[in-house]
Amino acid sequence: MLIAGVDEAGRGPLAGPVISAAVILDPHQKIENLADSKQLTQIQREALYIEICAKAIAWGIGRAEVEEIDELNILQATLLSMQRAVSALKVCPVKVLVDGNCCPVLEYPVEAIIDGDNLVPAISAASILAKVTRDNEMTELDKIYPIYGFAQHKGYGTVKHRALLKQHGPCNIHRRSFSPVRKAFDLVEIL
């Protein structure tokens with residue numbers, strides 16, 4: 001049965017896109033050590049990323065850009081990125097299982113599973129693909145915006161990132177609808 005697992009990376013950061021992945025695993029090609037991407041080291045995630053891409057029946061990546069996050073809100077942008085990830089699959093699933101408690105609108109039966117990234121291997125695989133894809137992108141964006149340290153914190157609101165945001169003001173990939181970024185914009189406008 002072709003069941004797609006879907007998960008996202010990047011709901012909480014102050015900068016960058018939200019990225020989702022959809023994965024249909026092949027029951028005949030076992031992948032060991034699948035888990036929620038947050039429980040794995042970077043080296044484990046990257047090795048599993050390669051294995052998932054090689055062994056899965058199908059996988060797709062979807063995204064919502066910073067402008068969409070600011071326009072729609074982070075939940076709606078996340079659901080949009082999930083729709084795009086499922087649409088990117090080269091094989092149609094018979095059912096879609098999503099990590100969390102909200103489902104995107106899809107043309108397939110869809111079910112939300114709380115803690116799904118720990119319970120459902122296909123969702124774990126999607127979690128890994130989404131996280132590695134987003135982390136790699138934030139590392140590349142660090143080369144364009146080096147003063148913010150995106151390669152280290154991946155856009156999350158760490159103490160260092162907030163201090164740099166306050167010091168330099170926001171850049172093009174900061175989410176203006178998020179409170180710390182909005183406050184930094186207000187400070188820049190006052191000065």
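Of the residues making up segment 91-98, not a single one is touching a residue at least 40 places away in the same chain (Cβ under 8 Å), in a helix (DSSP H, G or I) and in contact with a strand residue (DSSP E or B) (Cβ under 7 Å, 6 or more places away or on another chain). Scanning segment 17-55 for residues that are part of a loop (DSSP other than H, G, I, E, B) and surrounded by fewer than 24 Cβ atoms within 10 Å (Cβ to Cβ) returns 26, 27, 28, 29, 30, 31, 32, 33, 35, 36, 40, 41. Screening 77, 112, 126 for residues that are in the same structural domain as residue 43 (by TED's automatic domain parsing), of a type in the set (Gly, Ala, Ser) and surrounded by fewer than 16 Cβ atoms within 10 Å (Cβ to Cβ) leaves exactly one candidate, 112. If you take the residues in segment 126-166 that are among the β-branched types (Val, Ile, Thr) and in a helix (DSSP H, G or I), which one is nearest to residue 6 (Cα to Cα)? Step by step, filter segment 126-166, then rank; the result is 128. Just to be sure, is residue 53 farther than 27 Å from residue 153 by Cα and at pLDDT 95 or above? No: the conditions fail for residue 53. Taking segment 13-70 on its own, how many of its residues are of a type in the set (A, V, I, L, M, F, W, C), closer than 22 Å to residue 149 by Cβ and out of contact with any Lys or Arg (no Cβ under 8 Å at 6 or more places or on another chain)? Number satisfying all stated conditions: 1.
Does at least one position in segment 131-140 carry a residue that is within 20 Å of residue 55 (Cβ to Cβ), touching a Leu at 6+ places or on another chain (Cβ under 9 Å) and of a type outside the set (Val, Ile, Thr)? Looking through segment 131-140, at least one residue is within 20 Å of residue 55 (Cβ to Cβ), touching a Leu at 6+ places or on another chain (Cβ under 9 Å) and of a type outside the set (Val, Ile, Thr). Only a single item in (1) out of contact with any Cys (no Cβ under 9 Å at 6 or more places or on another chain); (2) in contact (Cβ under 8 Å) with a residue 40 or more places away in the chain is not met by residue 15, and it is number (1). Listed by first and then second residue, the pairs linking a residue in segment 142-158 that is in contact (Cβ under 8 Å) with a residue 12 or more places away in the chain and assigned by TED's automatic domain parsing to the domain that holds residue 173 to a residue that is buried (at least 17 other Cβ atoms within 10 Å of the Cβ) and of a type in the set (D, E, K, R), with Cβ atoms under 8 Å apart and 6 or more places separating them unless they lie on different chains, are 148/142; 149/142; 150/142; 151/142; 154/134; 154/135.
The values are calculated or read from the model by the stated rules, or taken from the named source; none is laboratory data. Being a predicted model, the structure only gives us computed values, none of them experimental. Positions of Cβ are generated from backbone atoms using ideal geometry, with glycine treated the same way; all protein chains shown enter the neighbour counts.
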